[in-house]
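Student: Quick one: the structure is below, questions incoming.
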Amino acid sequence: GEDLPPSEFVQAAERYNRMLAVDRWVVDSALHWLKDNPEKLARIGMLSINLSGHSLADAQMMSYLFDRLLEYGLPPEKICFEITETTAIGNLPDAVDFMREMKKAGCRFTLDDFGAGHSTYSNLKNLPIDFVKIDGSFVRNIVTDENDYAMVRSINDLAHYMGIQTIAEHVEDEAILARLAGIGVDYAQGYGI
């Protein structure tokens, strides 16, 4: 009967093996909302939906997603699934297979929290992603910390070289946004937007 912060809710769902049910509920709710709001669907470039590692490893999740997209008649290119780097490398073969099949259907993928994981640069090479979301720990102080600036620039340059677009998270003000624009980061996310 009490409200929980999302981090505590997710921890509890993971501990009690309920993340797959949570992911299915989120996917179904998001797709249902898009179906019920065609004017908003027409205006957005894409809607990002986070998926847990449980979904990437579940043999039934892919068919569930295909069925929901068909049921709601939504354009798959408007759907982008976000996975964390740690989630993807936790079961790399399954993640790659899952992502390739969903991409064949037209969906897109973002690798979230990039730069905070283990062997990040090899993940860019091995995962079939469309976007990389630069971890906010590098973005947050990009105006005052030249090391963070160099990290963001490096990630952006490498991603662009590989044909991957970039998203900076934790963009909290105009100064951060201007610095990111100077680097050429494609998209920004945060309270400053």
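Student: With r as the distance between the Cβ atoms of THR86 and ASN17 and R0 = 22 Å, compute the FRET efficiency 1/(1 + (r/R0)^6) and round to 0.05.
Tutor: After rounding, the FRET efficiency stands at 0.75.
Student: Would you mind getting the accessible area per residue of the chain, heavy atoms of the protein chains only, 1.4 Å probe, in Å²?
Tutor: Accessible area per residue: 53 Å².
Student: If you don't mind, another one. Could you give me the ³J(HN,Hα) list for segment 8-19, computed from phi with Karplus coefficients 6.51, -1.76, 1.60 and θ = phi - 60°, whole Hz, x at Gly and Pro?
Tutor: For segment 8-19, the Karplus-derived couplings read 5, 4, 5, 4, 5, 4, 5, 4, 9, 6, 10, 5 Hz, x marking Gly and Pro.
Student: From the square roots a ≥ b ≥ c of the eigenvalues of the alpha-carbon gyration tensor of segment 119-193, which class results: rounded (a/c under 1.5), prolate (a/b over b/c), or oblate?
Tutor: It comes out prolate by the Cα gyration axes.
Student: If you don't mind, another one. How large, in percent, is the carbon and sulfur part of the accessible surface of segment 1-89 at a probe radius of 1.4 Å?
Tutor: C and S atoms contribute 54 percent here.
Student: Next up: 5 Å is the cut-off here: which amide hydrogens, built 1.01 Å from N in the peptide plane, fall below it relative to LYS133, excluding neighbours closer than 5 in sequence?
Tutor: Residues meeting the criterion, in which the H sits 1.01 Å from N, are LEU111, ASP112, ASP113, PHE114, ILE167.
Student: OK, next. Around ILE79, which amide H atoms from residues at least 5 apart in sequence, or from another chain, sit under 5 Å from its own amide H, with H modelled in the peptide plane?
Tutor: Answer set, sorted by chain and number: LEU47, ARG108.
Student: Please list 3J(HN,Hα) in residue order for segment 31-40, calculated via the Karplus relation 6.51 cos²θ - 1.76 cosθ + 1.60 where θ = phi - 60°; whole Hz, with x for glycine and proline.
Tutor: 5, 4, 4, 4, 4, 7, 10, x, 5, 6
Student: About its Cα centre, how strong a charge dipole does segment 1-150 have in debye, to the nearest 20, once Lys and Arg get +1 and Asp and Glu get -1 at the Cβ?
Tutor: 500
Student: Just to check I understand the Karplus step: with θ = phi - 60° and J = 6.51 cos²θ - 1.76 cosθ + 1.60, what whole-Hz values come out for segment 129-144, glycine and proline as x?
Tutor: In residue order, the calculated couplings are 10, 9, 9, 10, 9, 6, 4, x, 5, 8, 7, 3, 10, 4, 6, 10 Hz.
Student: Give the peptides 58-69, 130-141 in descending order of average Cβ contacts within 10 Å, highest first.
Tutor: 130-141, 58-69
Student: Right, here's the next one. Starting from the amide H of GLU172, placed 1.01 Å from N in the peptide plane, find each other amide H under 5 Å away whose residue is 5 or more places distant or on another chain.
Tutor: GLY192
Student: Say each of ASP36 and HIS160 gets a label point 7 Å from the Cα, pointing the same way as Cα to Cβ; how far apart are those two points in nm?
Tutor: About 4.1 nm separates the two model spin labels.
The values are calculated or read from the model by the stated rules, or taken from the named source; none is laboratory data. Quick caveat, the model's predicted, so the values are computed rather than measured. Don't worry about glycine lacking a Cβ; one is built from the backbone with ideal geometry, like all the others, and counts go over all protein chains shown. Side chains are part of the model used for accessible areas, which takes the heavy atoms of the whole protein and leaves out ligands, DNA and RNA. Shrake-Rupley method; radii C 1.70, N 1.55, O 1.52, S 1.80 Å.
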